[in-house]
Amino acid sequence: MTEKVNLQMTPSGRFETRGSIECGAMNPKELLLYAAARCAGHTALAIMKRERMTPKSFEISFSGKLSTETLEAESVFTCFHVIYNVACCDESDCAKASHALELTHDKYCGLIQMLSRIAPVTREIAVVNIEPVKA
């Protein structure tokens, strides 16, 4: 069984769940994924801010595969996967965002580092430039 949490950055720079699920409705395993996604998001935004760039949009999907077919108390995570989707205004910001996400995932996000001691944490990074093409 796979648990999954999707977060989206709001215009104010906060991360909120995408869809109708709220923290109070999450089970503890979903809450762990939610906390890791928020930690990664805030860490990446802090690095981007230091680089003097703000993404136009930023979404994170954090999933974890459980050891059992159904959610049970004894279920444990066997692996984790993070998908980062970022839209930027120009090529320079795309490069900064990519670098910030790599640093976040490989070095600075404490929860990702902690989870990597439990099970492998893989990632996908998609950074796109939304600047109109000049003719």
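The values are calculated or read from the model by the stated rules, or taken from the named source; none is laboratory data. Given the structure is predicted, the values throughout are model-derived calculations rather than measurements. Glycine also receives a Cβ, built like all others from the backbone with ideal geometry; neighbour counts cover every protein chain displayed.
For the range 27-40, filtering for residues that are in contact with an Asp or Glu (Cβ under 9 Å, 6 or more places away or on another chain) and either among the hydrophobic types (A, V, I, L, M, F, W, C) or closer than 11 Å to Ile60 by Cβ (or both) leaves 2.
Applying the condition of being surrounded by fewer than 22 Cβ atoms within 10 Å (Cβ to Cβ) and in contact with a Ser or Thr (Cβ under 6 Å, 6 or more places away or on another chain) to the range 81-112 and asking which residue is farthest from Arg50 (Cα to Cα) yields His81. Restricting attention to the range 42-51, and to residues there that are surrounded by fewer than 18 Cβ atoms within 10 Å (Cβ to Cβ) and in contact (Cβ under 8 Å) with a residue 24 or more places away in the chain, which single residue is nearest to Val128 (Cα to Cα)? Ranking the candidates gives Glu51 first. The residues listed here are Cys94, Cys23, Cys88, Cys39; of these, the one that is under 19 Å from Cys109 (Cα atoms) and under 17 Å from the mean Cα position of the chain (by Cα) is Cys39. Looking only at the range 15-41, residues that are surrounded by fewer than 19 Cβ atoms within 10 Å (Cβ to Cβ) and in contact with a helix residue (DSSP H, G or I) (Cβ under 9 Å, 6 or more places away or on another chain) come to 6 in all. State yes or no: is Val76 loosely packed, with under 15 Cβ neighbours inside 10 Å, free of Cβ contacts under 8 Å to residues at least 60 places away in the same chain, closer than 17 Å to Gln8 by Cα and β-branched (Val, Ile, Thr)? No. Summed over the range 1-58, residues that are small (Gly, Ala, Ser) and at pLDDT 90 or above total 8.
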